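No value in this document is a laboratory result; all are computed from the given coordinates. Remember, it's a predicted structure, so these values are computed and weren't measured experimentally. We place every Cβ from the backbone using ideal geometry, glycine too, and count neighbours over all the protein chains shown.
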Amino acid sequence: MQSILVTGGNSLAGSVTVSGAKNSGLKLMAAALLAPGVTTISNMPDIADVETMSEVIAGLGAMVSRDGDKLSIDATNIDSFEAPYEMVAKMRASIIVLGPLLGRLGRARVAMPGGCNIGSRKIDLHLRGLAQLGAEITSGHGFIEATAPYGMRGATIILDFPSVGATENLLMAGAAAQGTTVIENAAREPEIQDLIAMLNSMGAKIEGSGTSTVIIEGVSSFSPTRHAVVGDRIEAGTFLAAGVLCGGPVTVNGVNPEHLELVLAKLRAAGAEVTTGPDSVTVSRSAPLRAVDVATLPYPGFPTDMQPQFMTLMAVADGTCVITENVFESRFMFADEVGRMGADIAIEGHRALVKGVQGLSGAPVKSPDLRGGAALVLAGLIAEGQTTVGDIHHILRGYEAFVPKLAALGANVELIESEE
């Protein structure tokens, strides 16, 4: 097993380029299943989740190859409709093959998903929406089985919550359905917009990208395409938080600043100096951090995937703030671990009361999930002494070259072998 060893106290400065968005790339890979032929997706992050998704779609009959940041998917022969447990258990996003398999084969059998333990994240919205499109769905023995014996047909679907995963599954199934599908209260994330752009380049007819109402005119066939993954706004936000923690200036390249609008506003409110370019953001800080309240919400609200990183900032800010988690009910597991380093955080329901302290102390901690693990590494950057972050498989799932990128900015951070 590997851990990340962080020795605190170094300032950070320089520039870093983010990879393609994990939360987009995985879904684009699933979308490629709709089109017979070779689809090439560039700016694909080199992370564990992409390897897992490659195994999932290879198990369905696709041929997957990688050349640098380009991933080629030959979906000419999709001869299986089952995503097995051993694959899906590694990564919750595997559930996203339900929509394209129904669209391509009219049938799908997918194991109940696993992934980060940050809340129930029930898939009822996926299944209810697919049922409205004509899928007959049964579940049992750890599997979801969906068939469309009479074909998928368009419908108006109103989501109870703007679920990203449900919106994505319904986009791909609806694109292949007969007639018009309308998704109301659809998710609006940049990653959703990226998926719509790729589907349209494959021959889909989808309007309303970036809005809460998406209109899909079903088509009978799709063509392979070439597409570049949008820059990872959460990776960018993580490095920006590191820059603000450690003073900077740190420039993050490869991200659209508009995708981080509220995050940047909160960083400014906390005392950071922020400047933006067409595809870059630079942060620095010379004044003490100030406490700022934050509440997570679906996009364009403050992203839940940035909440642990922001909590790290607030742990050493002047004053007291409230962080409200409205998306994932178990996302505060990070607070227990950073508390071992001296943070003063009290949890009550879905709110965290964070009282800023003068400094943190290095300690052995364990990554509770993907973003919480990255935030613990950030906490180690400013802690006195050494911090050892274990269970880093979570971090490796979602960040490409996380340790080398931090080290290039001046962090004293390294991968070490550890015993569990």
*Let me know the shape class of the chain, please: from the alpha-carbon gyration tensor, a ≥ b ≥ c as square roots of the eigenvalues, rounded when a/c is under 1.5, otherwise prolate if a/b is greater than b/c, or oblate.*
prolate
*Between MET112 and residues 5 or more places away or on another chain, which pairs have amide H atoms under 5 Å apart, with H built 1.01 Å from N, and which residues are they?*
PHE143, ILE144
*asked:* Apply the a/c threshold of 1.5 to the C-alpha gyration tensor of region 360-417 and tell me whether it is rounded, prolate or oblate.
replied: oblate
*Summarise the long-distance tail of P(r) for region 137-264 by giving the % of C-alpha pairs beyond 22 Å.*
49
*Indicate the gyration tensor shape class of region 1-112 (rounded, prolate or oblate), computed on the Cα atoms with a ≥ b ≥ c the square roots of the eigenvalues: a/c under 1.5 is rounded; otherwise a/b larger than b/c is prolate and the rest oblate.*
prolate
*What is the calculated FRET efficiency for ILE416 to ASP124, with r their C-beta to C-beta distance and R₀ = 45 Å, to the nearest 0.05?*
0.60
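For the pairs LYS22/LYS366; LYS27/LYS355; LYS266/LYS405; LYS70/LYS366; LYS205/LYS405; LYS70/LYS405, note any where the Cα-Cα span goes beyond 30 Å. Can you show the working numbers first?
Values: LYS22/LYS366 22 Å; LYS27/LYS355 39 Å; LYS266/LYS405 24 Å; LYS70/LYS366 33 Å; LYS205/LYS405 39 Å; LYS70/LYS405 20 Å.
With Cα atoms farther than 30 Å apart: LYS27/LYS355; LYS70/LYS366; LYS205/LYS405.
Let me know the volume per residue of the alpha-carbon convex hull for region 175-244, in Å³. Let's see the in-between values first.
On the way: hull volume 5.6 nm³, N = 70.
Roughly 80 Å³ of hull volume per residue.
I need HIS259, HIS393 ordered by Cβ neighbour count within 10 Å, fewest first. List each step's numbers first, then the result.
Numbers: HIS259 24, HIS393 14.
Going from sparsest to densest Cβ surroundings: HIS393, HIS259.
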*Report ³J(HN,Hα) in whole Hz for each residue of region 127-139, in order, from the Karplus equation J = 6.51 cos²θ - 1.76 cosθ + 1.60 where θ = phi - 60°; Gly and Pro get x.*
6, 5, x, 5, 5, 5, 7, x, 6, 9, 10, 10, 9
*Helix 190-201: angle to the longest alpha-carbon principal axis of the chain, degrees 0 to 90, nearest 10?*
30
_Using only the alpha-carbon atoms, what does region 283-362 span along each of its principal axes? Please give whole angstrom values in decreasing order._
31, 28, 19
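Sort 294-300, 48-54 by packing, meaning the average of other beta carbons within 10 Å per residue, with the highest value first. Show your work: numbers first, answer last.
On the way: 294-300: 18.3, 48-54: 21.1.
Ranked from most to least packed, the peptides come out as 48-54, 294-300.
For the chain, what does the helix formula give at 222 nm: sum of -39500 (n - 2.57) over DSSP H segments with n ≥ 4, over the residue count, nearest 500 deg cm²/dmol?
Numbers: 14 runs with 132 residues, N = 420.
Computed ellipticity for the chain at 222 nm equals -9000 deg cm²/dmol.
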